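Read-outs: derived from the displayed coordinates by stated rules, not from any lab. Values in this document were obtained by computation on a predicted structure and should not be read as measured data. Glycine gets a Cβ as well: all are built from the backbone with ideal geometry, and neighbour counts include every protein chain shown.
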């Protein structure tokens, strides 16, 4: 174990830390950022690749946000992957681990994306089994995140809130609610994002993600056009997502909130300012609740 | 609907030119809309994996230009999907593939540029190990020292080249910094030259050094199988200058290349 900093976040606002910002983060050590989140798969090697994470951990608590367990695949999580993850958790002591309600592995192939699932009983059972296996192996509760998707399948008997609430109830896992994903989904699949929040059991939500998205125009039958939203994590959080976030935390109370930014990176300072904005909203909502 | 069948069909459709059966069987949209929506996933998968390759082989990308690199990367990915979720080691067989692309285009050195970049990459992400340092060397009794069994640490990489690869990579990087398109600046000469390289991890980076043939041969032996220092000394027996072996031993401990077996 290498850590010297406390394990729990010092404030609710965090940012996703990517390679591009390691140096700036270590130089600035912003005091209002309570924690950093990293993808553990980026640290599955050794030596120099772990150097910066070790340095960051000396100053901040960490959350591990996995992208590789493929919890929705019709196969069990890779045992070797779980073991490396467990070793990293032991070494860096993140205060939590999360992954996604999606799949990426089919047989021996990994498609390197968070792919959509049909919301059927079979999917629900498979997700529960894989979450159970993961929690048993790691010896801890995990969080699972709602996806952003661009297709739905012909079959599907559950709504996404029903699926997520049932996962939490059956496995004891907690939820990571990505508010941008809800907004993106609501646009792409034509539902009310506020009704989605109302349908969620917010007691299970332990973290919220916020990010930017982009618009993509697609062509339909007879040259008709439709705009889809794509979860690109490459720009500022848009006002409509901030509004949905404010609505969510007004219902749930303040909750750990992370800004994700994975392409077309801003300066580290600009990234942190997005987190301060989320912290301000939580403060305003909290004041209102107290009053 | 069986989840396993759906996921297999999705995988096949995302890496082939023909996704028609998958789209008709599983998606509720009319054909054009289904294609366009599914294309977002296909582009994400192929785009992100080609970016992984471009990150591991930046000089190769600059050498041939981004468009050509992406085109060839897509062809590679279609036949070589990752087998692990962590992609740090994805691309080891891209070296051989890129060598073939170079041969097709009459550029024999392309494969060696890729090999050099992969060695750097593999060293940077190589497994940690408890290595022997100069301080350890000082603690060994002379009698015990000769019979110590050691091997190269797993992160250490060795590479032989037949062109002036390090110079080529430098020139390509300078051109990239100057925002020039792919290729090598006019006037720069590609030369045949036989070099031996050692790649080793330092605190926050991977380092590279050219090695003499005799030292390289000893390092290769240490990589293949455990050796004693007596075995190593025998490899330097023909060297008239004893200092050659002494400086090799210093290198092994100074750069922390060894693990004790």
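Modelled spin-label separation between residue B:149 and residue A:199, with each label point placed 7 Å from Cα along the Cα-to-Cβ direction: 6.4 nm. The protein assembly as shown gives an Rg/Rh value of 1.01, both radii derived from C-alpha positions and Rh following Kirkwood. Spatially, segment B:223-261 and segment A:83-132 are offset by 46 Å when compared through their Cα centroids. For the pair residue B:207 and residue B:134, the difference between a 0.36 nm per residue extended length and the Cα-Cα distance amounts to 24.5 nm.
Under a Gaussian network description of chain B, with springs only between Cα atoms under 10 Å, the residue in B:85, B:13, B:153 that fluctuates furthest is B:85. Between A:265, A:97, A:36, the GNM of chain A built on Cα springs shorter than 10 angstrom shows A:265 fluctuating the most. Taking the inverse of the mean reciprocal distance over all distinct Cα pairs, the Kirkwood hydrodynamic radius of segment B:82-131 comes to 12.0 Å. Mean per-residue shielding of peptide B:5-17 is 4, counting Cβ atoms of other chains within 10 Å of each Cβ.
Between residue B:192 and residue A:240, the simple label model (points 7 Å from Cα in the Cβ direction) yields a spacing of 6.5 nm.
Taking every residue in B:23-33 and counting other chain Cβ atoms within 10 Å of its Cβ, the average works out to 4. Shown here: segment B:41-146, whose C-alpha atoms stretch 60, 35, 20 Å along the first, second and third principal axes, sorted largest to smallest.
So how far, in whole Å, is the C-alpha centre of segment A:256-291 from the one of segment A:178-198? With segment A:256-291 and segment A:178-198 each reduced to a Cα centre, they are spaced 20 Å. Summarised as an ellipsoid, chain A has semi-axes of 28, 24, 19 Å, derived from the eigenvalues of the Cα gyration tensor scaled by 5 and square-rooted, with the largest first. When you work out D = kT/(6 pi eta Rh) for segment B:45-93 at 20 °C and 1.002 mPa s, using the Kirkwood radius from C-alpha pairs as Rh and the Stokes-Einstein form, the result is 198 µm²/s.
Both numbers refer to the Cα atoms of segment A:158-291; Rg and Dmax are 16.0, 55 Å. When chain A is treated as a Gaussian network with alpha carbon springs shorter than 10 Å, the biggest mean-square fluctuation among A:247, A:51, A:22 belongs to A:51.
Across peptide B:36-42, the mean count of Cβ atoms from other chains lying within 10 Å of each residue's own Cβ comes to 6.
Each stretch of four or more DSSP H residues adds -39500 (n - 2.57); spread over every residue of chain A, this sum gives -12000 deg cm²/dmol at 222 nm.
Estimated purely from DSSP H runs of n ≥ 4, each contributing -39500 (n - 2.57), the mean residue ellipticity at 222 nm for chain B is -17000 deg cm²/dmol once divided by its residues. Global dimensions of segment A:87-147 from alpha-carbon coordinates: Rg and Dmax equal 12.9, 38 Å.
What is the mean projected area of the alpha carbon convex hull for chain B, to one decimal in square nanometres? Could you put the intermediate results ahead of the total?
Values: hull surface 76.3 nm².
Convex hull of Cα atoms, orientation-averaged projection: 19.1 nm².
Normalised by residue number, the volume inside the convex hull of the Cα atoms of segment B:126-261 is 140 Å³ per residue.
Expressed to the nearest 5 percent, the antiparallel share of DSSP beta bridges inside segment A:166-291 is 45 percent. Annotation for segment A:43-65 versus segment B:202-217: alpha-carbon center distance of 26 Å. Just for the protein assembly as shown, what percent of DSSP beta bridges are antiparallel, to the closest 5? Expressed as a percentage, antiparallel bridges in the protein assembly as shown total about 50.
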